[in-house]
Amino acid sequence: MISRYSRPDMVAIWSPETKFRIWYEIEAHACDAQAALGVIPKENTAAVWKAKDVTFDVARIDEIEAVTKHDVIAFLTHLAEHIGADDARFVHQGMTSSDVLDTTLNVQLVRAADLLLSAMDRVLAALKTRAFEHKDTVRIGRSHGIHAEPTTMGLTFARFYAEMDRGRARLVAARAEIATGAISGAVGTFANIDPAVEEHVCAKMGLTPEPISTQVIPRDRHAMFFATLGVIASSIENIATEVRHMQRTEVLEAEEFFSKGQKGSSAMPHKRNPVLTENLTGLARLVRMSVLPALENVTLWHERDISHSSVERAIGPDTTVTLDFALHRLAGVIEKLVIYPDNMLANMNKFRGLVMSQRVLLALTQAGVSREDAYRLVQRNAMKVWEQGADFQTELLQDTEVTQALSETEIKEKFDLGYHTKHVDTIFARVFGQSA
């Protein structure tokens, strides 16, 4: 997590100040519940809440932890410095450190998910706008990087929209899965704390009680959360790679917006490089880097160990901050992406009608030619286009075996671009709804 690839709102979720504020709220709400059960005096709870406007001193907590070698104890010691040792003696009653740490982590992940969902909404809005803008802008579809058949730029944006929309649905599910809390005490048996305390704290913190915890919340939840972020990152890279290809000099069907005063190379003044989408490819790798450690965190010894802790201290902030930045960067790229329809058409016509080969193949088979012979006839003429720069339609019209099966009119009709775009509206309705 470095400032270059960070947005302040997401960074704030993971700041020590935010973490200690959440710790405090969990402890204070637990005191409320304990007082309601008659476990601790109500006046002690009132004293705890007097610290609600306190700005906890991170440096002081670090100083205490340097001695105690325990972060939660260091915080509780610092809290006692604010409210007095006598009033603080009932804080953390019946709780264990993981009750605070795990519940806080999940609060932070839920808040992070909300920011990520907002960022995804921006990406989706940009993709939808560009899809409708270029719904009928014809470009060549490619398979294996080679010209295949005509499609439209709108369909390209629409398929990325559908992919991101699936990612958003997965993130909603991952948010729900991670939104649990545990205030169940040592090894999760509630031996020293009533389950009502957990229910109260979770309700106040926007979580649901973990059905069964050990001394930690089960890490399969976190594995699912980070795996979902990894899939979203891969979708970002998928879009970024398409833009990078389109910006290649030999293609130039689209390019990232190049601002006034921007420089592309320290050595070559002519350069306009796809630096943002190349950056997104790298950021996607960083996000996916968290997935395997999150999966490995699922396996813990017995009721608890802390092998997961160091991992989560890193991947929690790093992954959410990076993905948040990447989503907003991607949205900006799409919003400002410069499209070149004339270049798209020129690229499609570069091989003189060759992309219509399947239509001719099918027409021949429908005219009674065997598929094997039809393929041979079409490929024979197609190779002349590849190797000699010939015109595909012209070659077909001069091939007597082809003209024995198809008339001149029938052959020429097979080169109509509109044939390939006749179902665009149907696809748009599937992606964006019938109102599209």
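The values are calculated or read from the model by the stated rules, or taken from the named source; none is laboratory data. The model shown is predicted, which means the values in this text are computed figures rather than measured ones. Positions of Cβ are generated from backbone atoms using ideal geometry, with glycine treated the same way; all protein chains shown enter the neighbour counts. With ligands, DNA and RNA removed, areas are computed over all heavy atoms of the protein, side chains included. Shrake-Rupley method; radii C 1.70, N 1.55, O 1.52, S 1.80 Å.
Structure data summary
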{"quantity": "Test: residue in region 264-271 that is of a type in the set (A, V, I, L, M), under 18 Å from Val231 (Cα atoms) and either assigned to a loop (DSSP other than H, G, I, E, B) or in contact with a Gly (Cβ under 7 Å, 6 or more places away or on another chain) (or both)", "calculated": "no"}
{"quantity": "Enumeration of residues in region 419-435 that are assigned to a loop (DSSP other than H, G, I, E, B) and either open to solvent by less than 40 Å² (accessible area, probe 1.4 Å) or of a type outside the set (Gly, Ala, Ser) (or both)", "calculated": "Lys422, His423, Gly433, Gln434"}
{"quantity": "Output for region 287-298, where each listed residue is touching a residue at least 40 places away in the same chain (Cβ under 8 Å) and open to solvent by 80 Å² or more (accessible area, probe 1.4 Å)", "calculated": "Leu295"}
{"quantity": "Pairs, first polar (S, T, N, Q) in region 360-378, second outside any helix (DSSP H, G or I) and open to solvent by 50 Å² or more (accessible area, probe 1.4 Å), C-beta under 9 Å, six or more apart", "calculated": "none"}
{"quantity": "Unmet requirement for Val67, which otherwise passes all of (1) of a type in the set (Val, Ile, Thr); (2) closer than 21 Å to Ser15 by Cβ; (3) surrounded by fewer than 18 Cβ atoms within 10 Å (Cβ to Cβ)", "calculated": "(2)"}
{"quantity": "Pick from region 10-61, criterion charged (D, E, K, R) and surrounded by 15 or more Cβ atoms within 10 Å (Cβ to Cβ), ranking: nearest to Val110 (Cα to Cα)", "calculated": "Lys19"}
{"quantity": "Check on Met95, open to solvent by less than 40 Å² (accessible area, probe 1.4 Å) and part of a loop (DSSP other than H, G, I, E, B)", "calculated": "yes"}
{"quantity": "Scan of region 305-315 for residues that are of a type in the set (D, E, K, R) and open to solvent by 80 Å² or more (accessible area, probe 1.4 Å), ordered by number", "calculated": "Arg313"}
{"quantity": "Ile334 in contact with a His (Cβ under 7 Å, 6 or more places away or on another chain), within 30 Å of Leu115 (Cβ to Cβ) and not aromatic (Phe, Trp, Tyr)", "calculated": "no"}
{"quantity": "Pairs, first among the acidic types (Asp, Glu) in region 389-402, second open to solvent by 40 Å² or more (accessible area, probe 1.4 Å) and outside any helix (DSSP H, G or I), C-beta under 6 Å, six or more apart", "calculated": "Asp391/Arg352"}
{"quantity": "Candidates Gln358, Gln393, Gln366 - the one that is open to solvent by 80 Å² or more (accessible area, probe 1.4 Å) and more than 30 Å from Arg244 (Cβ to Cβ)", "calculated": "Gln366"}
